[in-house]
Amino acid sequence: MLAAPHQPEVPLELQDEQTRQTVLSSGTGQIFALDGDSIILAADRTRFVKVQGNRGANRTPLVLGRRDLADAEFWTFVAADKSNRRPTSGFVRVPTIADPKLQTKAFVDVVNNATWGTVIEVDPSASINLSPDRDINFSYLSIPEGVTIRGNRRGTNPGPELRTLRTPGKMLEIAGNDVRITGLRLKGPSRETDKDQPGATGILAPDQYLRTIIDHNDISDWTLEAVQVSTNVRNQRCEDPRSLPHNVHVARNFLHHNRMQNNGYGVASYGAFPLIEGNTFVSNRHAIAAGGEAGTKYRAWYNLVLSDAPAQVYAGIPLHHTHDFDVHGTGKLTLAGVKELSGGFGGTAGDYFEIARNTILGTNRKNFNLRGDPCYLAEFHHNVSRRDQKEGEKESDATECSYCGAGINKLRVYNNQFKAPNPTDRLAVGDFDGDGTEDLFLATGAAWYYAPAGKAEWRFLNAQTDGIGSLLFGDFDGDGRTDVFTQNGFDWLVSWGGASPWERINVFSQRPMSDYAIGDFNGDHVADVFYADGKHWYVSYGGSSAFTLTQDSSFRVAVVGGQWQVSWSATGSWTPLRPALTKTMAGLVIADFNGDGRADIATVTLFNQGDDPYWNWKVSWAGTSNWKPLRTVPGPLAAIGRFDATRGADILYWENSSLDIVSSGLEAPYKHSNQDMR
């Protein structure tokens, strides 16, 4: 996904002892470095060891490829003797210490003493106060060259916390090449909107340093910006910058509640050119902002911007919400040409900005405002927006070129999906990280995302545009992760774990996807494809075999002879369950709610109590009992799956923009998601 020439993946090969000694003596070949969870080719630090095609099955080849910061290139290093030894002496653990001041001092000392290759592992339960402290002569942390600071923020693990309570200025500053900050919670002093608060920045990343990576973090509550990318070196030339490399990569983070009025940015670029991709934003004044200084650029790809954002308040009245993606001008707004009101309007506005393949859910604000004349170009393309705008227009509900004068001719708006339906209205369920708990899956039309256990925030999964209506889900290689299946012409395609490019697994004459169902019909824990043509039933085992005829039947799914009936494994004859409680199967939910290993049949009806809507769930246990009450909930269905530690299927439903859960469909509802999900 990086804006760089494509480099093919190269298979790794085992080396015999003679080859290994030759490599060691020459200093070339397969010599690697580690930065905590990744294996880096020492001779080219843009190349990483990953699992080919994101496959999880045993004996999948390992390859060298570019860094995408995806799970296929992350490794867990465990000592073979089951001890606590780390891979190298460069791995340094920061334990949790009960005394807060000693905890802070221990962490600061480790960072200050770190040298090239040090991997600082922060204890998962740590909460470290990095407010300025005179007693330990500390104001902010400068991270030396070649150092990684990492936590365990994966799945539903929140990760260790680095926090500051009352400080203006910055908390962390990158001070050299090859620095990585990953898997942490970085919490600032306030999420209030009061514009008179001290200005605080989470991470300052100077653009002159190479290969800075800020990934998989939760960064919130910063009054200025969560991440600032800047440089003091100004490029005064106006030239095509699109082939230039990105020294700073801000990827796959959750950036939220950076809300102070007139500031409050997720990521800000000043004279820099960061790549900002695959992040999730919510409740920021601007998700991404830029100064108008010469040399300022940014690329924003595959980001998901949720609907909530703070209102701008004037004289105590919330008047409007400002746009998600921003570029300042260098001019100043004046009243009648006399009184200066504000800066950032008109004049020049940086060099180049590309906002592409993002999904933007807010409907009460502009998606992008270009507030001046860019030296080269501003592009807004292939995005999915719920705002309205005619294709080819440069100014409307979604985008605007305010005070930009002739700069409007440098704003290109094309190939976007405007007035799109809310993609969170239709979700899928599967275990995409292989932890045994089901996750939510979101296809926006610009990219795919998943939410671990439906509890953590949406996380970028794949740069695929296929909509959820054309997808089916199952584990086609038996690795414990859900794969995504589709049909293109005669080709059956699978994305492994939902994270790989499409790979063809079979070729058949084209049939409607609506006639397919995915399930394990022979008990080998690998997904199969079922097909009914109205006369016969067929199964392709593993999705890779030819279709096998399993039964003659004119029914796909139906109420047969006034009965609910079942065919075991799609091979047996119809067996009655009970007299049907419905005339059709439409709208029924089949899931094991009580965890007894047998599928139940549920249905839901909407009713109003006063002015409030409620959804009434009832169930037929194992499809054999009369309707029994499950639970009445105050929100519409989001998904059915196993999202907690109980054995039964749970009901997730929308409570405004977050998710509540009814565990096993029976327990009292309670809040499930940690944050907004739409």
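For the range 625-652, the tally of residues that are surrounded by 21 or more Cβ atoms within 10 Å (Cβ to Cβ), farther than 18 Å from E457 by Cα and touching a residue at least 40 places away in the same chain (Cβ under 8 Å) stands at 1.
For the range 263-302, taking the residues that are aromatic (F, W, Y) and touching an Asp or Glu at 6+ places or on another chain (Cβ under 7 Å), the one that is surrounded by the most Cβ atoms within 10 Å (Cβ to Cβ) is identified as Y265.
For the range 323-339, indicate whether the set of residues that are crowded, with 21+ Cβ neighbours inside 10 Å, in a loop (DSSP other than H, G, I, E, B) and either of a type in the set (A, V, I, L, M, F, W, C) or at positive phi (or both) is non-empty. The answer is no; no qualifying residue exists. The criterion of being touching a Ser or Thr at 6+ places or on another chain (Cβ under 9 Å), crowded, with 20+ Cβ neighbours inside 10 Å and among the β-branched types (V, I, T) does not hold for T363. Determine if the range 147-156 includes at least one residue that is in contact with a helix residue (DSSP H, G or I) (Cβ under 6 Å, 6 or more places away or on another chain) and either hydroxyl-bearing (S, T, Y) or not in a loop (DSSP other than H, G, I, E, B) (or both). Within the range 147-156, one or more residues are in contact with a helix residue (DSSP H, G or I) (Cβ under 6 Å, 6 or more places away or on another chain) and either hydroxyl-bearing (S, T, Y) or not in a loop (DSSP other than H, G, I, E, B) (or both). The C-beta contact set for the range 290-307 (first residue under 13 Å from G362 (Cα atoms) and modelled with pLDDT of 95 or more, second residue assigned to a strand (DSSP E or B) and among the small types (G, A, S), distance under 6 angstrom, 6+ apart or interchain) comprises V305/A287. Listed by position, the strands (runs of 3 or more DSSP E) contained in the range 446-506 that have at least 2 residues being closer than 23 Å to G542 by Cα are 472-474, 483-488, 491-495. Assessment of the range 603-612 against the conditions (surrounded by 15 or more Cβ atoms within 10 Å (Cβ to Cβ), in contact (Cβ under 8 Å) with a residue 40 or more places away in the chain and not in a loop (DSSP other than H, G, I, E, B)) yields no matching residue. Taking the criterion of being of a type in the set (V, I, T) and either crowded, with 20+ Cβ neighbours inside 10 Å or within 12 Å of A443 (Cα to Cα) (or both), the residues of the range 461-504 that qualify are T465, I468, T482, V484, V494.
Against the numbered list (1) open to solvent by 30 Å² or more (accessible area, probe 1.4 Å); (2) within 22 Å of L275 (Cα to Cα); (3) in contact (Cβ under 8 Å) with a residue 24 or more places away in the chain, F48 comes up short only at (1). If the condition is being over 23 Å from the mean Cα position of the chain (by Cα), of a type in the set (A, V, I, L, M, F, W, C) and farther than 22 Å from G271 by Cβ, then the range 289-328 contributes A311, V313, A315, I317, L319. Listed by position, the strands (runs of 3 or more DSSP E) enclosed by the range 516-601 that each have at least 1 residues that are of a type in the set (S, T, N, Q) and within 30 Å of E667 (Cα to Cα) are 563-566.
Residue pairs whose Cβ atoms lie under 7 Å apart, separated by 6 or more positions or on different chains, with the first residue in the range 104-116 and closer than 13 Å to Y140 by Cβ and in contact (Cβ under 8 Å) with a residue 12 or more places away in the chain and the second open to solvent by less than 10 Å² (accessible area, probe 1.4 Å) and part of a loop (DSSP other than H, G, I, E, B), are T104/L130. I need every pair where a residue in the range 309-336 that is basic (K, R) has its Cβ under 7 Å from the Cβ of a residue that is not in a strand (DSSP E or B), sequence separation at least 6 or different chains. Once the first residue is basic (K, R) and sits in the range 309-336, its partners that are not in a strand (DSSP E or B) give K332/F345. G146 fulfils the conditions (1) at pLDDT below 95; (2) at positive phi except for a single criterion, (1). Exactly one residue out of K105, K82, K101 is surrounded by 17 or more Cβ atoms within 10 Å (Cβ to Cβ) and either at positive phi or more than 31 Å from the chain's Cα centre (by Cα) (or both): that is K105. Selection of first residues in the range 585-599 that are on the phi > 0 side of the Ramachandran plot and of second residues that are of a type in the set (K, R), restricted to Cβ pairs under 9 Å at least 6 apart or on distinct chains, gives the following pairs, ordered by first then second residue: G595/R642; G595/R647; G597/R647. I'd like to know if the range 552-563 contains one or more residues that are without any contact (Cβ under 8 Å) to a residue 60 or more places away in the chain, under 30 Å from S495 (Cα atoms) and out of contact with any Leu (no Cβ under 6 Å at 6 or more places or on another chain). The answer is yes; a qualifying residue exists. Of R237, R285, all but one fail to be of a type outside the set (S, T, Y) and out of contact with any Lys or Arg (no Cβ under 9 Å at 6 or more places or on another chain); the exception is R237.
Among the residues of the range 186-203, the ones that are touching a Ser or Thr at 6+ places or on another chain (Cβ under 8 Å) and open to solvent by 10 Å² or more (accessible area, probe 1.4 Å) come to 7 in all.
Residues of the range 58-74 that are under 19 Å from R154 (Cα atoms) and either surrounded by fewer than 16 Cβ atoms within 10 Å (Cβ to Cβ) or touching a strand residue (DSSP E or B) at 6+ places or on another chain (Cβ under 6 Å) (or both): R67, L69, A72, E73. If I ask for residues that are part of a loop (DSSP other than H, G, I, E, B), touching a residue at least 40 places away in the same chain (Cβ under 8 Å) and under 14 Å from G169 (Cα atoms), which ones from the range 190-221 would you list? Within the range 190-221, S190, Q197, G199 meet the criteria.
If we scan the range 242-251, do we find a residue that is open to solvent by less than 50 Å² (accessible area, probe 1.4 Å), under 23 Å from the mean Cα position of the chain (by Cα) and more than 20 Å from D68 (Cβ to Cβ)? The answer is no, given that none of the residues of the range 242-251 is open to solvent by less than 50 Å² (accessible area, probe 1.4 Å), under 23 Å from the mean Cα position of the chain (by Cα) and more than 20 Å from D68 (Cβ to Cβ).
For G159, indicate whether it is of a type in the set (G, A, S), open to solvent by less than 10 Å² (accessible area, probe 1.4 Å), under 30 Å from E438 (Cα atoms) and touching a Pro at 6+ places or on another chain (Cβ under 8 Å). Taking the combined requirement at face value, the residue satisfies it.
The values are calculated or read from the model by the stated rules, or taken from the named source; none is laboratory data. Here the structure is a predicted model, which is why all the values come from computation and not from measurement. Every residue, glycine as well, gets a Cβ built from its backbone with ideal geometry; the counts of neighbours run over all protein chains shown. Remember, those area values only see protein heavy atoms, side chains included, never the ligands or the DNA or RNA. Shrake-Rupley method; radii C 1.70, N 1.55, O 1.52, S 1.80 Å.
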